[in-house]
Amino acid sequence: MVTSPSWSANNPLATYLPQIQLRSIAARTAIQTEPWERQCAGSILLVDITGFTEVVEQFAAQGAAAVETLSKVLNDYFGRMAEVLTEHGGDILTFAGDAALVLWLAENDDELVRCACRAVQAAQAVQAELLDYRAQGFTLRQRAAVGVGPLSIMEVGGTDGRWQFLVAGDAITQAGETSQHANSGDVVLSPAVWALVQSRCSGDALPSGHVKLREVQQPVPVVPLASSDQLSVSTLQPYVLPVVVNRLRAGRAHGSPSFAMSPFCSFI
């Protein structure tokens, strides 16, 4: 699930797609018939819940009603996280199970520095907002990792008119590797991120070469994520999983969307 300022009662499908994809769709003058790929650069923030498997197992052992309770808790938890991320200009690419993947897209090298800073500031804000998040008698904790660098953004598919949005590249690889060096409550930066933000931040070097953030001493201005133009349901339907479209048609997905289901934007 993706949540952003594009929420619309008139077109709930927009809540399932990241802003970068919505803007691409809005800019088209004809129906898409071919896959496309775009090279760019940006900063990636990966936030994931630590100990999530144990939490799920505890609830699953209590039966279906407990699992439904967990789903509601995760909706509230990721909803609060989404608000913080979009306020810091992050474009949420996906909520996949227990993790959020967020993009700050850079138009040039100078912007890449600011994007890295904003991703770090957003990570710190998420940790502050969700510190020891308690609900239904248990606590959720998260770790955050930031990467920066080249990215490939693409849409592939075309079978039966359906398209899948994908993001790949070094920035995502960095975030995934960096996450392995983070513990609950940590914000850990890849060496590439630290090289860009060290004049504005303080941190502790880890044996791996990554840096655990202590403080952002000179934050950059935060620019909240802008919404794309309104798009019709029929325009967005080829980009959203059929199961989601069917649930919406059946009236089962009104109100707050469910974050903890399957990812609707993929990354590789």
Item to check | Normalised alpha carbon radius of gyration of segment 58-125 [divisor 2.2 N^0.38 Å] | outcome: 1.45
Next on the checklist: What whole-number distance in Å separates the alpha-carbon centres of segment 52-88 and segment 130-182?
Outcome noted: 17
Checklist outcome for this item: Checked against the positive end of the charge dipole of the chain (+1 on Cβ of Lys and Arg, -1 on Cβ of Asp and Glu, about the Cα centre), the farthest of 101, 144, 239 is 239
Next on the checklist: Given the options 77, 62, 133, identify the residue whose Cα lies farthest towards the positive end of the charge dipole of segment 51-147 (+1 on Cβ of Lys, Arg; -1 on Cβ of Asp, Glu).
Outcome noted: 62
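Stokes-Einstein D for segment 141-248 at 37 °C, 0.692 mPa s, Kirkwood Rh over Cα pairs, in µm²/s?
Numbers: Rh = 16.9 Å.
Stokes-Einstein gives a translational diffusion coefficient of 194 µm²/s.
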Next on the checklist: Using only DSSP helix segments of four residues or longer, with each worth -39500 (n - 2.57), what per-residue ellipticity at 222 nm results for the chain after dividing by its residue count and rounding to 500?
Outcome noted: -10500 deg cm²/dmol
Next on the checklist: Bins of 10 Å, beginning at zero and ending with the bin holding the largest distance: percent of Cα pairs per bin for segment 25-147, please.
Outcome noted: 12, 37, 26, 17, 8, 0
Checklist entry - Mind listing the Cα extents of the chain along all three principal axes, in Å, largest one first? => result 51, 49, 28
Checklist entry - Once you sort the root eigenvalues of the Cα gyration tensor of segment 30-81 as a ≥ b ≥ c, which label holds: rounded (a/c under 1.5), prolate (a/b larger than b/c) or oblate (the other case)? => result prolate
Checklist outcome for this item: Listed residues 44, 172, 153; largest mean-square fluctuation, Gaussian network over the chain with Cα springs below 10 Å, found at 153
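Report, in debye and to the nearest 20, how large the dipole of the chain comes out about its Cα centre when Lys and Arg carry +1 and Asp and Glu carry -1 on their Cβ. Present the calculation step by step, with values, prior to reporting the outcome.
On the way: 17 positive and 25 negative charges, 99 e Å.
Computed about the Cα centre, the dipole is about 480 debye.
At 25 °C and a viscosity of 0.890 mPa s, what translational diffusion coefficient does Stokes-Einstein give for segment 185-234, taking Rh as the Kirkwood radius over Cα pairs? Give it in µm²/s as a whole number. Before the final figure, lay out the partial values.
Details: Rh = 13.3 Å.
Value of D from the Cα-based Kirkwood radius: 185 µm²/s.
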Next on the checklist: Using Cα-Cα distances under 8 Å and only pairs 6 or more residues apart, what relative contact order does the chain have, in percent?
Outcome noted: 28
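All of the numbers you see were taken from the coordinates with simple rules; none came from a lab. This structure is a prediction, so every number in the text was calculated from the model and none was measured. Glycine also receives a Cβ, built like all others from the backbone with ideal geometry; neighbour counts cover every protein chain displayed.
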